Structure formats: C-alpha cells, structure tokens
1. Applying the Karplus parametrisation 6.51 cos²θ - 1.76 cosθ + 1.60 with θ = phi - 60° to the phi angles of region 285-300, what ³J(HN,Hα) value in whole Hz is obtained for each residue in order, glycine and proline being reported as x?
2. Could you tell me what percent of the DSSP beta bridges with both partners in the chain are antiparallel, to the nearest 5?
3. Apply the a/c threshold of 1.5 to the C-alpha gyration tensor of region 265-399 and tell me whether it is rounded, prolate or oblate.
4. Taking θ = phi - 60°, what integer Hz values does the Karplus form 6.51 cos²θ - 1.76 cosθ + 1.60 yield along region 68-78, in sequence order, with x for Gly and Pro?
5. List every residue whose amide H lies under 5 Å from the amide H of residue 20, counting only residues 5 or more places away in sequence or on a different chain, with H placed 1.01 Å from N in the peptide plane.
6. Under 10 Å from the Cβ of residue 156, count the other residues' Cβ atoms, weight Lys and Arg +1, Asp and Glu -1, and hand me the total.
7. Using a Gaussian network for the chain with springs between C-alpha atoms less than 10 Å apart, which of these wobbles most: 219, 145, 73?
8. Straight-line reach from residue 137: which lysines have Cα under 24 Å away, leaving out those fewer than 8 places along the same chain?
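None of the figures in this text is laboratory data; all of them are computed from the coordinates on show. Just so it is clear, the model here is predicted, and its values are computed rather than measured. Please note: Cβ atoms are built from the backbone with ideal geometry, for glycine as well, and neighbour counts cover all protein chains shown.
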Amino acid sequence: MKVLVINCGSSSLKFQVIDAVTEELLAKGLCERIGIDGAITYENVKAGTGKESSTPAIPDHNEAIRLVIEALVNDKTGCIKSLDEIGAVGHRIVHGGESFTSSVVINDEVIAAIRECSDLAPLHNPANLIGVEACQKLMPGTPMVAVFDTAFHQTMPGKAYMYALPLHYYEDYKIRRYGFHGTSHSFVSKKAAEVAGRAYDDCRIIVCHLGNGASISAVMNGKCVDTSMGLTPLEGLIMGTRSGDLDPAIVEFIANKEGKTVSEVLNILNKKSGVLALSGNFSSDFRDLEGAYKKGDKNAILAVDAFAYRVAKYVGAYTAAMNGVDVIAFTAGIGENSPFVRGKVLQYLGYLGIDVDEAANASRGDVIQISKEGSKVAVYAIATNEELAIARETYALTK
Ligand code: AMP
C-alpha cells in the first residue's frame, strides 16, 4: 500500500509517497510560498528522474494539493498511474493537546478536536487542518490519519508536565507541558533500543533531537517520562532562533525597557534569539557557526558552547529522572551531521562512564555508534525519519 505523507505549514507543504509495505521512498517534494506567489519542487526518487522545480501560482493549499497530485500522476515523472494507488494519507498535526495520546483515523470529531487545540498552536494547527481539508476535497474516500507531534509525550507523569502555577490555569486552559517532535523521539528511541540490542520496554534512553528546533526526551521502559519543550516549542534547549529556558520576568523587563508588547517580546524570543542572537546575529546555522568557531570568532564560540552546555545539562537532569541512562541518541540536522557539537556535549558526560570513539564520531551513516564497546552508556547518532514514522502509523491504522 502506498501512503501519501503531508506536512502542511502556513505557507509550505512537504510531501512524500512511501510504499508502506517495503518502506521504500517513492517520491518527495515541497510546495513553498503558498499564498504569496508559489514554487514546487518534486522528485521521483524511485525512478531517479532527478529534482524538478517550477514556479506556478499557488494561491492556496487546495491548489498546492492539486499540484502535488498532478506531479504524482504525471505521465513522465509521476510515481503512480492513478490516485487510486494511494491507499491512505498521513497528516502531521502539531498539537493534539490532551485529546490525542496516539495517531487516529480522521473523521469529523477528530477535526473538531484538532480545531479545539488550535488555541495551543495558533500558527500550526489551522495550517495542518487546511491540508487535511484540501486532501479530503480532492481525494474523497481515501482514509486520512492524523499523527501528532505531542502524542508520544502524553505518557509524562504530572510531576513532569505540570507548571507550578495556580491549578485553575491547568484546569481551565490546559496550560501544561506537552512537548513536541514526538514522532521523531518515538522513532529514534525505538531504533536506539534496537541497535543497542536492548528491549524497548526495559531500557532508559535519552534522545537529543538537535535541529533548528531542538528538544530532548527521557524515554523509560518504552514511555516518554519527560521532554524539554513545554506548552509551546519555546521551552528547553537553546535553538537556532529560540531562546529556550529563561527567567519569565525577562519578558516584562524587556517590554518596559523598550516599550514593546508581550507578543513583540515573544516574537524576539522565538525568532531573534538562540544561537543566532548569541552569535551576534551571525547565523542560526551550525555549519556557519562551526566554521567561525574554528577561526576563533568569540560570539560563535559562545553560541556553540552555550548550546552544547544546555544539552549536557538536560542529559544530566534526565539521567537523574530515570535513575540512570543506558542509551543516548543524537538526531536531526545537528545531531546527525555535526561530530563537532556531539563531541562538545559528550565532553561533559565522562562522569556517566561514556567512552567516546573519536573516529566513529567523525564518521557518517544512518546509524553510527559513537561509544566504544564496553562503554557504560551506548551512544549513537541515528537519522530520524518523521515521514516514515507517519507512514508506518498511517498504514497500521488503515491497512
Ligand atoms: P533540521 O531542523 O533537523 O532540519 O536541522 C537543520 C539544522 O541542522 C541546520 O540549521 C544546521 O544548523 C544543522 N546542520 C545541517 N547539516 C549540518 C552539518 N553538516 N554540520 C553541522 N550542522 C548541520
């Protein structure tokens, strides 16, 4: 069965077609600048026809989905002959609140519940729903599945997810920690247990998802027990442009000093902070930062060191939360590709009995073992694959 995976943002739409039985990637692409002007890239990966790009007008998501379908069934470069070959569509949905602890087949009630969670993710959920509804219009009768970024973290206990605020904020508004990147944390933690030769339900794993957005999770005996992002993705690690943890009083302090509104300050915390800010607005991209670090640029050194230090602090905290750790996995853009940053984090973790294999850390691959045989904690870099995880969930619910 072929599954179409859709990841719909406010002005972009990423898509992949995956053979859910063989788990082979058949085609992938991206619609961008939806509602602005429009651009689409598409690649039939299986046929190896190469990437093609064009700039048709894409006024809305309906048109984006129509273009995606047109590309998929194209005579020369399409990966399917007719839309009937798509057995199901898997949609990435950012926020499932407390309503969704796992993926679900989409029906009217599910759509209403996702809409209710829009309060918690006003930029993401409405865009995700536009994608669902556009697909439903053009592919009526094809089952659709919602896969939530938050669902994997719903197993966190109250002591981990509650903020120490008046209880009615939780009771009335559901203000609590939810966590994000759940599909990645779930995928990578399972893979980590597998490659370490451990039973998933009898193992303590820390997953460091280090990308432009970054989060870390503690997975104990197959269940997430803590994660670094909170009500929104702003909490936790220092990220590309997000501050991560800070003293909440800073918001009022900046607002008063600069005559800014709360939303203006939050915009700064989300989009103008993180390693971008610490590097003196040099870059949020670790490739640039590493280059500048190695040339001795003071701000780049501060940015990378602060980033790695925060990751190491969370690893320490989650080791305490689980009374130990058996496996640590690095993933996402930085975690998979930067031996430099992994090395900086691991420098703090010698006390755990981690024995780093420097040559292995410098190597590349979908799964690399960074710790030496006999290391007390096994450390890996593991390529995440959120689309495959979504396809698996979709297949499991619709086959
Ligand atoms: P993601 O959000 O997971 O796509 O990660 C994107 C980020 O990964 C980029 O902004 C870079 O900071 C980082 N990245 C990607 N490739 C490399 C690389 N080869 N070395 C260091 N950082 C990288």
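1. 9, 5, 5, 5, 5, 5, x, 5, 4, 5, 8, x, 5, 4, 5, 5
2. So the antiparallel bridges amount to about 70 percent of the total.
3. Working: a/c = 1.66, a/b = 1.19, b/c = 1.40.
In terms of gyration-tensor shape, oblate.
4. Working through the residues one at a time gives 4, 4, 4, 5, 5, 9, 3, 3, 8, 10, x Hz.
5. 2, 3
6. Details: positive: 159, 176, 177, 223; negative: 226.
Result for the local shell: +3.
7. Result: 73 has the largest fluctuation of those listed.
8. In chain and number order, the partners are 2, 14, 28, 81, 399.
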